[in-house]
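Below: the structure, in structure tokens.
Bear in mind that the values in this text are calculations on the coordinates, not laboratory data. Owing to the predicted nature of the structure, the values given are computational and were not obtained by experimental measurement. Cβ: placed from backbone, ideal geometry, glycine included. Neighbour counts: every protein chain shown.
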Amino acid sequence: MTIAPRYDVAIIGAGQAGLPLANGLALRGKRVALIERKHLGGSCINFGCTPTKAAIASARLAHLARRGREFGLHIPEVTVDFAAVIERARNVAAASRNTLEQWLGSVENPTLLRGQGRLAGRAADGFHIRVGETELTAGDVVLNTGTRSVFPPIDGLADIAVIHAGNWLEHKELPRHLAIIGSGAIGLEMGQFYRRMGAAVTVLEAADRIAGHEDADIASAMQRLLEEDGIRFHLKSAIARVRKTADGVVVEFGGGAAPLAASHLFVATGRKPNTDDLGLESVGLAVERHGIIAVDARLATSVPGLWVGGDIRGGPQFTHTSWDDHRVLLSQLAGDGKRTTKRIVPYAIFTDPELGRVGLTETQARQAGRAIKVARFAMAQNGKAAEIGETQGEIKLVVDAASGEILGAAILAAEAAELVHIYIDAMNAGAPYHEIANAVFIHPTLAEAVQSATLTLD
């Protein structure tokens, strides 16, 4: 066993919290060990945000080309080279990863250690951590090990070579008919991607509607738009079993529903924390339900000196929350300790049109007993949307009836993930919707629709 030097901080996992934290701590004079067993960048760079959005860009371009006649253009044929689309997405991910590799290869601090990092107890000199044949000690430890795809207990599923969020880049053949289990962000985004590439797509959802975190009206609007793309939805689908066939896979349902035959199966039913091989028991820390590690608002665990960042800490599992976690941890480990996870967390579903979301839904606000006003604005009424042919979707804004405080918003529109930031900024500033209503917006812009929604409240 090789004994490594002692570090001030050891970070296990080089994801979207671990990497910037390692850099920030090093710049503040801390000696940092960054431990990673596989690829730098976490799920976002390697198979999540970066390559999926690259692939979605290809799908959108194909979709726009097919709409050429709407814009007075004659594009006789759109041919998809699916393998080339996947290769482009892989290259975009590799370029981001290589940039990180080059950076870490050019500095002495943080020190990158390759291998599975496991806690091996705690003594007077700090936490003991094993990485392969190396053992190191550190005063503080940050866990940033991310998540992996979780698979439901469906009979026969283990016998199927399923596609999922972690391996989709390995499949360079376009499915003839893709069945997707799950209608969350991953299922909807990837479903539209494969459909626009030319595959038949059926989304299977056990609930009575898709996008279960959204208001029913927004979810229904999303479903209608995706159905216009040719995606089929099989709701309230209690899957009894799946079985492999010579042509692919057959999904059988309970309740006497007809089985569904498909060429491939994509499972998008959630993520599982990578906390089952960290040696947590050696320092007296147990995980909660589903493998989550409990933390307080400072991202501290019940074991002093042991911290958590990223998806394994529970709560919103987004790249941007993981990145903000690094600011919380940096404040706690090398700053004033004032930054915590008391924050407004927005998110987006990158279908086309996109869904940009922040704050409470109408349902959540009413359940909380808030007196509210709800504004709606159809994108078809926005001049820029009409000019660029992007009139689908709507804006839904929820505000406090008395104070005008913005409680939440849903924007289902082109560039919604960008537009929703107008509401996000106002919410962070504590500004009521009147400030947006009274502002001067550039014309013509999609952003005017964000203001137009507020004008319907007065």
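Some points to look at:
- Neighbour counts of C-beta atoms inside 10 Å place Trp103, Trp168, Trp307 in the sequence Trp103, Trp168, Trp307, starting with the fewest.
- Sites excluded, GluC sites (Glu not before Pro) in DSSP loops with at most 11 other C-beta within 10 Å, longest stretch of the chain: 289-458
- Residues with amide H under 5 Å from that of Tyr7, placed H, sequence gap 5 or more: Thr137, Ala138, Gly139
- Under conditions of 10 °C and 1.306 mPa s, the range 102-189 yields 90 µm² s⁻¹ as its translational diffusion coefficient, taking Rh as the Kirkwood radius over Cα pairs in the Stokes-Einstein equation.
- Dividing the convex hull volume of the alpha carbon atoms of the range 157-269 by its residue count gives 99 Å³ per residue.
- Of the trypsin sites (Lys or Arg not before Pro) found in the range 133-197, those that fall in a DSSP loop while having at most 16 other beta-carbon atoms within 10 Å are Lys172, Arg176.
- The range 206-222-the range 37-95 distance, computed between alpha-carbon centres (Å): 26 Å
- Using alpha-carbon coordinates, inclination of helix 416-429 to the longest axis of the chain, degrees: 60 degrees
- Anchor Lys338: lysines whose Cα lies under 25 Å away (excluding residues fewer than 8 positions away in-chain): Lys30
- In summary, the lysines within cross-link reach of Lys396, defined as a Cα separation below 23 angstrom excluding same-chain residues under 8 places away, comprise Lys373, Lys384.
- Across the alpha-carbon atoms of the chain, the computed radius of gyration and Dmax are 23.9, 74 angstrom.
- Nonlocal amide H pairs with Arg271, under 5 Å, H built at 1.01 Å: Val150
- Rg over Rh for the range 1-151 works out to 1.19, using Cα positions for both radii and the Kirkwood form for Rh.
- The chain, helix-only ellipticity at 222 nm - DSSP H runs n ≥ 4, -39,500 (n - 2.57), divided by all residues, nearest 500: -9500 deg cm²/dmol
- Crossing angle, helix 185-197 versus the chain [Cα axis fit, 0-90 degrees, rounded to tens]: 60 degrees
- Semi-axes of the equivalent ellipsoid for the range 79-151, Cα gyration tensor, largest first, Å: 36, 17, 9
- Scalar couplings 3J(HN,Hα) for the range 27-32, obtained by applying the Karplus form with A = 6.51, B = -1.76, C = 1.60 to θ = phi - 60°, are 5, 9, x, 7, 8, 10 Hz; x denotes Gly and Pro.
- The H on the amide N of Val201, modeled in the peptide plane, is under 5 Å from the matching H of Leu178, Arg232, each at least 5 residues off or on a different chain.
- Axis of helix 216-228 versus longest Cα principal axis of the chain: the two differ by about 70°, to the nearest ten degrees.
- Within the range 353-455, the proportion of Cα pairs with more than 23 Å between them is 20 percent.
- Residue order, fewest to most beta carbons within 10 Å, for Asp352, Asp276: Asp276, Asp352
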